[in-house]
Amino acid sequence: VDKLDYRRFKDKYIVRLQKGEEVVETLEKFVKEEKIRLGRITGIGATDNATVGFFDTKEKDYHSKKLTGDMEILNLSGNISEMEGEPYLHLHITLEDAKGVLQGGHLNSAVISATGEIIIDVIDGVVGRNYDDETGLNLFEFE
Ligand code: FE
């Protein structure tokens with residue numbers, strides 16, 4: 001996989017993910033390198049191997065499932081914040097298979113099968129996260 005190709009226009013980044021790149025890992029590395037502390041991520045593209053989670057509020061845990069085969073990434077959306085000084089990405093995805101069936105969830109990983117077109121809006125600010133016992137989730141934490 002070649003070096004990540006992107007352009008920056010003021011506070012927005014346009015990123016092209018390539019075949020074989022894993023979305024979450026690649027974007028985490030990217031926001032770290034670019035020192036993006038807060039922002040919004042949106043994207044579309046194609047994947048053939050994704051793992052998505054569904055949060056069980058009673059068990060306070062994620063049930064994850066693996067999806068394979070050609071799929072359109074109809075929507076990838078999420079945010080960038082920080083937890084313990086490290087970038088924290090929270091991403092959700094909607095996928096469509098060859099039969100037109102939609103599946104999706106909390107994104108754990110997705111390998112690009114054709115291309116990934118990502119736009120990152122940088123927000124000038126900082127928002128942290130803290131583990132919340134009641135929900136079992138890392139919630140936004142404001143100073
Ligand atoms: Fe989630």
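The values are calculated or read from the model by the stated rules, or taken from the named source; none is laboratory data. Because the structure is a prediction, the values reported are computed rather than measured. Methodologically, a virtual Cβ is constructed for each residue, glycine included, from the backbone with ideal geometry; neighbour enumeration extends over all protein chains shown.
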Practice task
State whether the residues of the stretch 48-68 include one that is under 29 Å from residue 10 (Cα atoms) and either more than 12 Å from the ligand (Cβ to nearest atom) or at pLDDT below 95 (or both).
Solution key: no
Exercise for the section: Report yes if some residue within the stretch 32-44 is of a type outside the set (Ser, Thr, Tyr), modelled with pLDDT of 95 or more, touching a strand residue (DSSP E or B) at 6+ places or on another chain (Cβ under 6 Å) and farther than 23 Å from residue 142 by Cβ; otherwise report no. Expected result: yes
Handout entry: Whichever residue in the stretch 1-29 is in a strand (DSSP E or B) and surrounded by fewer than 14 Cβ atoms within 10 Å (Cβ to Cβ) and, among such residues, is modelled with the lowest pLDDT
Key = 5
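Every residue, every condition in (1) touching a helix residue (DSSP H, G or I) at 6+ places or on another chain (Cβ under 9 Å); (2) surrounded by 17 or more Cβ atoms within 10 Å (Cβ to Cβ); (3) part of a strand (DSSP E or B), yes or no:
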{"site": "93", "(1), (2), (3)": "yes, yes, yes"}
{"site": "107", "(1), (2), (3)": "yes, yes, yes"}
{"site": "114", "(1), (2), (3)": "no, no, yes"}
{"site": "124", "(1), (2), (3)": "no, no, no"}
Exercise for the section: Looking for whichever is closer than 14 Å to residue 46 by Cβ, within 14 Å of the ligand (Cβ to nearest atom) and either of a type in the set (A, V, I, L, M, F, W, C) or modelled with pLDDT of 95 or more (or both) here; the options are 75, 79, 108. Which one fits? Expected result: 75
Practice task
Being in contact (Cβ under 8 Å) with a residue 12 or more places away in the chain, more than 13 Å from residue 48 (Cα to Cα) and away from the ligand (no atom under 15 Å from the Cβ) is the filter here, so list the residues in the stretch 87-102 that pass it.
Solution key: 87, 102
Handout entry: Lone unmet requirement of (1) more than 16 Å from the chain's Cα centre (by Cα); (2) surrounded by fewer than 15 Cβ atoms within 10 Å (Cβ to Cβ); (3) within 22 Å of residue 15 (Cα to Cα) for residue 32
Key = (1)
Handout entry: Where residue 35 falls short, out of the listed (1) in contact (Cβ under 8 Å) with a residue 24 or more places away in the chain; (2) out of contact with any Phe, Trp or Tyr (no Cβ under 9 Å at 6 or more places or on another chain)
Key = (1)
Handout entry: Any chance residue 135 is farther than 25 Å from residue 4 by Cα and within 16 Å of the ligand (Cβ to nearest atom)
Key = yes
Exercise for the section: Tell me, yes or no, whether the stretch 10-29 has at least one residue that is more than 12 Å from the chain's Cα centre (by Cα) and under 20 Å from residue 131 (Cβ atoms). Expected result: no
Practice task
Return the total of residues in the stretch 43-63 being loosely packed, with under 14 Cβ neighbours inside 10 Å and either under 20 Å from residue 26 (Cα atoms) or of a type in the set (Gly, Ala, Ser) (or both).
Solution key: 0
Exercise for the section: Could you grab me the full set of residues in the stretch 9-28 that are without any contact (Cβ under 8 Å) to a residue 24 or more places away in the chain, farther than 14 Å from residue 76 by Cβ and either in contact with an Asp or Glu (Cβ under 7 Å, 6 or more places away or on another chain) or not hydrophobic (A, V, I, L, M, F, W, C) (or both)? Expected result: 10
